[in-house]
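*Asks:* The structure that follows is given in the form of structure tokens.
The values are calculated or read from the model by the stated rules, or taken from the named source; none is laboratory data. Just so we're clear, the structure is a prediction, and the values are computed from it rather than from any experiment. Using ideal geometry, Cβ is built from the backbone for each residue, glycine included, and neighbour counts are taken over all protein chains shown.
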Amino acid sequence: MRGGLVAIAAALVLLAGPAGASAQPGMPDPKQMSGVPLPVLDAPVGSVTVRVIRGSFDNNVPGASVEFVVDGETTTVVTDDEGRAELTGLRPGSSVRAWVVVDGERLETQPIVMGASGVRVMLVATDAASVVPGTVVLGPESRVIAEMQDDRLNIFYILDVVNAAAAPVDIGGPLTFDLPRSARGTSVLPGSSPQALANGPHVTVTGPFAPGSTSVQIAYQLPYSGATARIEQVWPAALQQLNLLVMQVGGLTVTSPQLSQSRDVVDQGQPLIVGMGPAIAAGQALVLEIDGLPHHPVWPRNTALALAAAILAVGIWAAVVPGAGPDRRQRRA
């Protein structure tokens, strides 16, 4: 399902040009380092050490229950006075992740595959004393992606939730994305913030939101009939710029009143439709139609259903109308 994402993301850079390179150099704060595993040679081979802190390096969280999931098996380890929980004796190749809940905030590591060294990782909770009321936006690196795969239309939202303040912000509740009602198989992709959780056609991102960017990557399938699929997506926060990428298959066309430009490109041999548009305010919907989708004709199914209904009607009529069926004497013979 994610096979075309690398090529698609590269195509976005082609359209955006130099303006797309908006990242600024600088040292990450602890929150930006949260969950990133670091192989280290001075730790025992086969060990994973998780350090849980709140806001800063000098604010350890002792007594927190860290859940280690190793190849599907869960082990709970409580952090010591230095906020550390350690699991040892793991075999090379083991798949590990760990998570903890601090003050209602779920913190999770990225997936870890054990190698020939130990691994250390920090989980950084938000310091409640530093949280201020504020807002977030969906930054200009956010994009909507569509691809056909195995006769299914897959939709991806690669979202960059930006808090421009210097402190964590509370937006007054979670950031909730209500996907189209027909959405199926909704999931939050790896690489997303652990604050993002999918529940049916809804994805909720709990706050507070740390300064900088919070990555939220959503995937779902959009059923369609006929040659056209329609997407109406209301954004819970302002989308600073509409970026659209559609993997071209069989001459697709894309229309939207919010697209100011679109063009066909080819990246690594993959034809793409790349479009851009102006900002969309919070509470307003992106309206998008993809036409020319491969589909099976519906008339055979409709004809079969009509014939089945006609046969059923005749049977009912023969059963309830006197004299409509075969002569009873003939039946007795």
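*Asks:* Residues to consider are Ala198, Ala219, Ala229; find the one that is more than 28 Å from Pro257 (Cα to Cα), in the same structural domain as Val161 (by TED's automatic domain parsing), small (Gly, Ala, Ser) and part of a strand (DSSP E or B).
*Replies:* On the way: Ala219 fails: more than 28 Å from Pro257 (Cα to Cα); Ala229 fails: more than 28 Å from Pro257 (Cα to Cα).
Step by step, each of Ala198, Ala219, Ala229 is checked, and only Ala198 is more than 28 Å from Pro257 (Cα to Cα), in the same structural domain as Val161 (by TED's automatic domain parsing), small (Gly, Ala, Ser) and part of a strand (DSSP E or B).
*Asks:* Could you please find all residues in segment 132-159 being part of a strand (DSSP E or B) and surrounded by fewer than 18 Cβ atoms within 10 Å (Cβ to Cβ)? First the steps, then the outcome.
*Replies:* As a first pass, look at segment 132-159 and keep what is part of a strand (DSSP E or B): 132-133, 137-138, 143-149, 152-159.
Within segment 132-159, Val132, Pro133, Gln149, Arg152 qualify.
*Asks:* Among the candidates Ala129, Ala116, which residue alone is of a type outside the set (Ser, Thr, Tyr), loosely packed, with under 13 Cβ neighbours inside 10 Å, at pLDDT below 95 and farther than 28 Å from Ala237 by Cα? Before the answer, list the steps.
*Replies:* Working: Ala129 fails: farther than 28 Å from Ala237 by Cα.
Just one listed residue meets the conditions, Ala116.
*Asks:* Filtering segment 67-104 down to residues that are in contact (Cβ under 8 Å) with a residue 40 or more places away in the chain and closer than 11 Å to Leu123 by Cα, which residue is surrounded by the most Cβ atoms within 10 Å (Cβ to Cβ)?
*Replies:* Residue satisfying both the conditions and the ranking: Ala98.
*Asks:* Would you please list the contacts, defined by Cβ atoms under 6 Å and residues six or more apart or on different chains, that run from a residue in segment 168-190 that is in a strand (DSSP E or B) to a residue that is among the small types (Gly, Ala, Ser)?
*Replies:* If the second residue must be among the small types (Gly, Ala, Ser), the pairs left are Val169/Gly134; Asp170/Gly207; Thr186/Ala198; Ser187/Ala198; Ser187/Ala219; Val188/Ala196; Val188/Ala198.
*Asks:* Could you say whether any residue in segment 196-211 is out of contact with any strand residue (DSSP E or B) (no Cβ under 8 Å at 6 or more places or on another chain) and among the small types (Gly, Ala, Ser)?
*Replies:* no
*Asks:* Restricting to segment 166-203, what's the tally of residues that are buried (at least 17 other Cβ atoms within 10 Å of the Cβ) and farther than 12 Å from Gly134 by Cα?
*Replies:* 15
*Asks:* State whether the residues of segment 66-85 include one that is of a type in the set (A, V, I, L, M, F, W, C), farther than 28 Å from Ala167 by Cα and part of a loop (DSSP other than H, G, I, E, B).
*Replies:* Looking for residues that are of a type in the set (A, V, I, L, M, F, W, C), farther than 28 Å from Ala167 by Cα and part of a loop (DSSP other than H, G, I, E, B), one finds none in segment 66-85, hence no.
*Asks:* Find all pairs meeting these conditions: Cβ atoms under 7 angstrom apart; at least six residues apart or on different chains; first residue within segment 108-119 and free of Cβ contacts under 8 Å to residues at least 40 places away in the same chain; second residue hydroxyl-bearing (Ser, Thr, Tyr) and outside any loop (DSSP other than H, G, I, E, B).
*Replies:* The qualifying pairs are Val113/Ser95.
*Asks:* In a loop (DSSP other than H, G, I, E, B) and either at pLDDT below 85 or closer than 27 Å to Ala165 by Cα (or both) - does that describe any residue in segment 308-318?
*Replies:* Pass one, segment 308-318, residues in a loop (DSSP other than H, G, I, E, B): none.
No - not one qualifying residue is present in segment 308-318.
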